[in-house]
Amino acid sequence: MSESVQAATTDSIDQTSIDRRWLGRAAALALRGHGGAEPNPLVGCIILNVSGDPVGDGYHAHCGGPHAEVRAITAAGEQCRGGTLYVSLEPCSHHGRTPPCCDAIVKAGLSRVVFGCVDQDADAGGGQKILASHGLRVDHVPSSACDEVLSPFVWRKQTGLPWITVKWAQSIDGCIATRSGHSQWISGPSSRALVHRERGRVDAILTGIGTVRHDDPQLTARKVRKRRTACRVVIDPRAELPVDSALVRTIDEAPLLLVHGPKANRDALQLLHAKGVITHQGEMKGPRLCLQNVLAALSKKHDIATMLVEAGPGLIGPLLEESLVNEIAVFIAPLLVGDPQATPPLSGRAPADIAAATRLELRSRHTRGSDILLRYGVNPKSTG
Ligand SMILES: NC(=O)c1ccc[n+]([C@@H]2O[C@H](COP(=O)([O-])OP(=O)(O)OC[C@H]3O[C@@H](n4cnc5c(N)ncnc54)[C@H](OP(=O)(O)O)[C@@H]3O)[C@@H](O)[C@H]2O)c1
């Protein structure tokens, strides 16, 4: 390789790693929109001036509100001229609820746009061509950080299913409850506050009748600033939800939806209905509810893009078996239960050897008071 070719190659590698770093920052900004932007994608944007200094940033905060690019351009003002715009998703080219971002980018006088994910949407996509036709330099630099923040949106587009995060709190020796089913409280106040925060950002919280029976939870977001009110959904094939349960008693605080099978007690359903519970007869697959079809139907009918699962092994196991889980968040508390009959987080799997166990991808780890929070990505194809 000649010296000049080698220098050019090294320069472009350096530029790509610089671009990836800014795109990573844009992806982190995008996450701030969680709970406000959905069902739109989470998008973040950073603008550098002509000298390469950051002069403005923005994220998509509300569905129907200004896009990340427009917020960043507004923040940077005149300093956009000749600068570079980094955005996690290709700028949109269409008139939706807001005008096309491409127009705003051209008008702001930016000279380069770098984006992390191609917009596959038939209406909104194609922004890169439009920008290039106005003389801007446009680079698509694939970025795993940008892919990750966009994945809930892409998943729902491709499958019609909500993006599902399963959360549980466990002892160090892997128990989520004692053998009698007692579980309150395993994690500490700081972990529980984080769960309430997430409850105030998702569209739905899913549980099973087993958890209702043991814990009588409210599943509402308390003592946090809510960005949306999640619908509480109970998988209850025989409609056994007690009318005096905390879920029913708090019906004025958040909607409650019960998913039952065809053999559910009709009188019980009527009573629950009279209390304001929305009832949904789920599609069956043999003797059990077909969770995939149930979730797809709820996602479509109630516009549920994101769902938090707070359940026991009887529901978490089947959700994983049916490859419906996208992420797992585990709070590990400094507790030892020491009972092989205590409740594990999931059931139904019995791999003969470790190679057959489901391997997850560790996404992050944090300390919450005296607990540790581990977040894992689940590759749906690797489960079941
Ligand atoms: N530590 C934590 O973070 C945490 C969180 C929540 C719960 N928990 C603990 O978990 C325990 C409860 O666990 P659990 O397994 O009994 O309750 P669960 O997971 O909340 O609910 C299980 C119920 O869901 C039903 N179900 C699941 N898939 C179904 C399908 N495809 N069709 C029809 N029905 C379906 C099951 O029906 P079948 O009976 O027919 O299988 C069962 O009735 C409690 O001790 C609670 O304290 C701990």
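Coordinate-derived values only; no laboratory data. Being a predicted model, the structure only gives us computed values, none of them experimental. Note that we place each Cβ from the backbone using ideal geometry, even for glycine, and neighbour counts take in every protein chain shown.
By the rule of a C-alpha distance below 23 Å, with chain neighbours fewer than 8 residues away ignored, the lysines paired with K263 are K275, K285, K301. Entry note, segment 1-122: relative contact order of 21 percent, from Cα contacts under 8 Å with a spacing of 6+ residues.
Neighbour counts of C-beta atoms inside 10 Å place W168, W185 in the sequence W185, W168, starting with the fewest. For S190 and D267, the difference between the fully extended length at 0.36 nm per residue and the C-alpha to C-alpha distance is 23.6 nm.
Within straight cross-link reach of K107, meaning Cα distance under 19 Å, which lysines are found once same-chain residues fewer than 8 apart are removed? The qualifying lysines are K129. When only Cα pairs below 8 angstrom with a gap of at least 6 residues are kept, the chain shows a relative contact order of 15 percent. What separates the Cα centres of segment 97-116 and segment 138-163 is a distance of 20 Å. Counting neighbouring Cβ atoms within 10 Å and putting the fewest first, the residues F331, F115 line up as F331, F115.
Structure remark: mean-square fluctuation, Gaussian network model of the chain, C-alpha springs under 10 Å; the largest value among G96, G208, G83 belongs to G96.
Distance from the alpha carbon centroid of segment 221-250 to that of segment 275-319 works out to 14 angstrom.
Cβ-to-Cβ counts within 10 Å put Y59, Y376 in ascending order as Y376, Y59, the fewest first.
Taking only Cα atoms and a 10 Å spring cutoff, compute GNM fluctuations for the chain and point out the largest among A122, A169, A254. Sorting by GNM fluctuation, first place goes to A122. Note: relative contact order over segment 230-384, using C-alpha pairs below 8 Å and six or more positions apart, is 18 percent.
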